[in-house]
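For reference, the structure discussed in these notes is given below.
The values are calculated or read from the model by the stated rules, or taken from the named source; none is laboratory data. Predicted model only: the values in this text are computed from it and were never measured. Neighbour counts run over all protein chains shown; Cβ positions are idealised from the backbone, glycine included. The area values use the complete protein model at the heavy-atom level, side chains included, leaving out ligands, DNA and RNA. Shrake-Rupley method; radii C 1.70, N 1.55, O 1.52, S 1.80 Å.
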Amino acid sequence: MLYIVATPIGNLKDISLRAIEVLKDVDLIACEDTRHTKILLDHYGIKTPTTSFYQQNRFVKAGYIISLLKEGKDIALVSDAGTPGILDPGYNLINLAIKNNIQITVIPGPCALINALVLSGKPTHRFIFLGFLPRHSQARRNQLKRLADLDMTIVFYESSHRIVATLKDINEIFKDKELVCCRELTKRFEEIMRGNADQLLEVFKEKRPRGEFVVLI
Ligand code: SAM
């Protein structure tokens, strides 16, 4: 069985009892970064062996993990944070497991996009998740323009390096629309910022953006 196990997005206490049990019981844990996951495993006294499964080795490593699953091993898949498969290489392994008729299940838990959506207070019954927007402004603006007429909540992930540039593009396309910027969810400096792009840009003029962001329009 392949267990897709959600892990904390900041606060180490955000893990289910079932997730801890599964991580203890499986034969192997496939992690994006074994050193990063070790912090969580040590915190909960989990001694299960780990193996790396990340962007660059995902194709070769997925084949190896599938071969172990076929031998009857139980394997857990975790990412650096949150729900595996949501913007991390987990997707490739999950897809290959399905093609190989491997039994899969999810141990649910934190996911930055869902946490932010709920906290935003925006309609949750219809939303679109864009992952990360394109790095280059022109491509980013083109994507945002295509979405401008959608009657639904738009959610995407953003880094502290690009948030200001992205807000400037949003300002051009969405003008006065109220945005929500969720920063450092579940962490010590969690912050939910609300306002139009202009107002949020003012905030970032005074305070350099730091940490991880989810943005909602
Ligand atoms: N698998 C993860 C999940 O379930 O949300 C997402 C992985 S994605 C590679 C990482 C991005 O998620 C970050 O750059 C940030 O935009 C967002 N993110 C993750 N943790 C966050 C947090 N605690 N607060 C705000 N955003 C977060």
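Inside the stretch 1-20, residues that are more than 14 Å from the ligand (Cβ to nearest atom) and assigned to a helix (DSSP H, G or I) make up a count of 3.
A quick yes/no check of all residues on (1) acidic (Asp, Glu); (2) away from the ligand (no atom under 15 Å from the Cβ); (3) at pLDDT 95 or above; (4) exposed (fewer than 15 other Cβ atoms within 10 Å of the Cβ):
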| residue | (1), (2), (3), (4) |
| --- | --- |
| GLU158 | yes, no, yes, no |
| HIS161 | no, no, yes, yes |
| ASP169 | yes, yes, yes, no |
| GLU178 | yes, yes, yes, no |
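Would you confirm whether any residue within the stretch 126-133 is within 30 Å of GLU21 (Cα to Cα), within 10 Å of the ligand (Cβ to nearest atom), open to solvent by 40 Å² or more (accessible area, probe 1.4 Å) and part of a strand (DSSP E or B)? No, that holds for no residue.
In this structure, THR48 qualifies as touching a strand residue (DSSP E or B) at 6+ places or on another chain (Cβ under 8 Å), at pLDDT 95 or above and assigned to a loop (DSSP other than H, G, I, E, B). In the stretch 88-113, the residue that is nearest to the ligand (Cβ to nearest atom) out of those that are modelled with pLDDT of 95 or more and open to solvent by 80 Å² or more (accessible area, probe 1.4 Å) is PRO108. Mind counting the residues in the stretch 185-215 that are acidic (Asp, Glu), surrounded by fewer than 16 Cβ atoms within 10 Å (Cβ to Cβ) and either within 16 Å of the ligand (Cβ to nearest atom) or part of a loop (DSSP other than H, G, I, E, B) (or both)? Counting residues in the stretch 185-215 that are acidic (Asp, Glu), surrounded by fewer than 16 Cβ atoms within 10 Å (Cβ to Cβ) and either within 16 Å of the ligand (Cβ to nearest atom) or part of a loop (DSSP other than H, G, I, E, B) (or both) gives 2.
In summary, ALA112 fulfils each of the numbered conditions (1) in contact with a Gly (Cβ under 6 Å, 6 or more places away or on another chain); (2) free of Cβ contacts under 8 Å to residues at least 12 places away in the same chain with the single exception of condition (2). In the stretch 74-87, the qualifying residues are those that are over 10 Å from the mean Cα position of the chain (by Cα) and under 14 Å from CYS31 (Cα atoms), and the one that is nearest to the ligand (Cβ to nearest atom) is VAL78. Listed by first and then second residue, the pairs linking a residue in the stretch 117-130 that is in contact (Cβ under 8 Å) with a residue 24 or more places away in the chain to a residue that is of a type outside the set (S, T, N, Q) and in a loop (DSSP other than H, G, I, E, B), with Cβ atoms under 7 Å apart and 6 or more places separating them unless they lie on different chains, are ARG126/MET152; PHE127/MET152; ILE128/LEU150; ILE128/MET152.
Residues checked against (1) farther than 20 Å from ASP88 by Cα; (2) among the acidic types (Asp, Glu):
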position	(1), (2)
THR124	yes, no
PHE129	no, no
THR153	yes, no
GLU158	no, yes
LEU185	no, no
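Residues in the stretch 90-125 that are of a type in the set (S, T, N, Q) and not in a strand (DSSP E or B): ASN92, ASN95, ASN100, ASN101, GLN103, ASN115, SER120, THR124.
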